[in-house]
1. Rounded to the nearest 5, what is the percent of antiparallel bridges among the DSSP beta bridges in the range 10-251?
2. If packing is taken as the mean number of other Cβ atoms within 10 Å per residue, what is the order of 117-127, 141-151, 89-99, highest first?
3. List the aspartates and glutamates whose Cα sits under 15 Å from the Cα of Lys165, skipping any in the same chain fewer than 8 residues away.
4. Run through the range 172-260 and list the GluC sites (Glu not before Pro) located in a DSSP loop whose Cβ has at most 14 other Cβ atoms within 10 Å.
5. Take Asp214 and Val138, extend 7 Å from each Cα along the Cα→Cβ direction, and tell me the distance between the two endpoints in nm.
6. For the range 81-138 and the range 174-226, compute the distance between their C-alpha centroids and round to whole Å.
7. Dimensions of the range 114-225 along principal axes (Cα, Å, largest first)?
8. Mind listing which GluC sites (Glu not before Pro) in the range 136-169 are in a DSSP loop and have 14 or fewer other Cβ atoms within 10 Å?
Amino acid sequence: MRAASPASAWPERRNCNQKEVTKTAWRGAKNQHCGRMTNEAQNKTAPAGALIIPVSPFQQNCTLLWCEATKRAVVIDPGGDVPNILAAIERAKVTVDQIWITHGHIDHVGGAAELRDALKVPIEGPHLADKYLLDNVVASGANFGMVGVRNFAPDRWLSEGEQVKVGELAFDIYHCPGHSPGSVVFFNKDMRFAIVGDVLFNGSVGRTDLPGGDHATLIRSINEKLLPLGDDIGFICGHGPGSNFGHERRTNPFLDGELS
Ligand SMILES: [Zn+2]
Ligand SMILES: [Zn+2]
């Protein structure tokens, strides 16, 4: 779930049949987001590939990310619409080894238990501080008419400084509370690329009015942990198009105190 954002922040994606999703995701990525990763992918030399599958009533950016060398993959934040995720995996011709979770909100985890059963792979993340959310997926889903969702525990909680791996790629874990207490960011140093969940958006930041949210903590997470990684870091976020840290540092109205 994202913050109420400035009017110009991003267009909603509404048309999400499989073909449209593929085209939109890659075009968006190539134009301005995770630039290095996808630009190189066009030349067949990228270490990674990615496909965004909008899921749940919130059109959350479930991301299929894979290592090009090994074609091993992860699904990040399967918020629902599991058949669409399975179809994307098949189309990408990759083998999923794990499910990674950025945080425990329903739009990011609604399909996690079902996908784990379907793929028989472990779930890694989020941070233990989001356990109360994973214990209440069913109740949370009922509020939004999401049926068939299940409470679950991950196979591994993630903490600051740990790493997760897919194929030959390693991602460092940054614990970034504020949007939710247990939000984590996945960062690949070599590709200069991050998956930030709902911590930071293109032109906005995560909402902090839900239980466990705290705006000052969120801004501190962004300013002290993410932005110091470098202006060139491209990112995919939980909703809308991605961006890079430099663009957000210069223009995001939530990061210079203009909006809170
Ligand atoms: Zn969300
Ligand atoms: Zn969220």
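1. 70 percent
2. Ranked by mean Cβ neighbours within 10 Å, highest first: 117-127, 89-99, 141-151.
3. Counting by Cα, and skipping residues close in sequence, Lys165 has these aspartates and glutamates nearby: Glu68, Asp97, Glu124, Asp155, Asp190.
4. Glu258
5. Spacing of the two 7 Å Cα→Cβ label points: 3.1 nm.
6. 19 Å
7. Result, largest extent first: 38, 36, 23 Å.
8. Passing both the DSSP loop test and the Cβ count: Glu160, Glu168.
Since every read-out is calculated from the coordinates, none of them should be taken as a lab result. Just so we're clear, the structure is a prediction, and the values are computed from it rather than from any experiment. Note: ideal-geometry Cβ built from the backbone for every residue, glycine included; neighbour counts use all protein chains shown.
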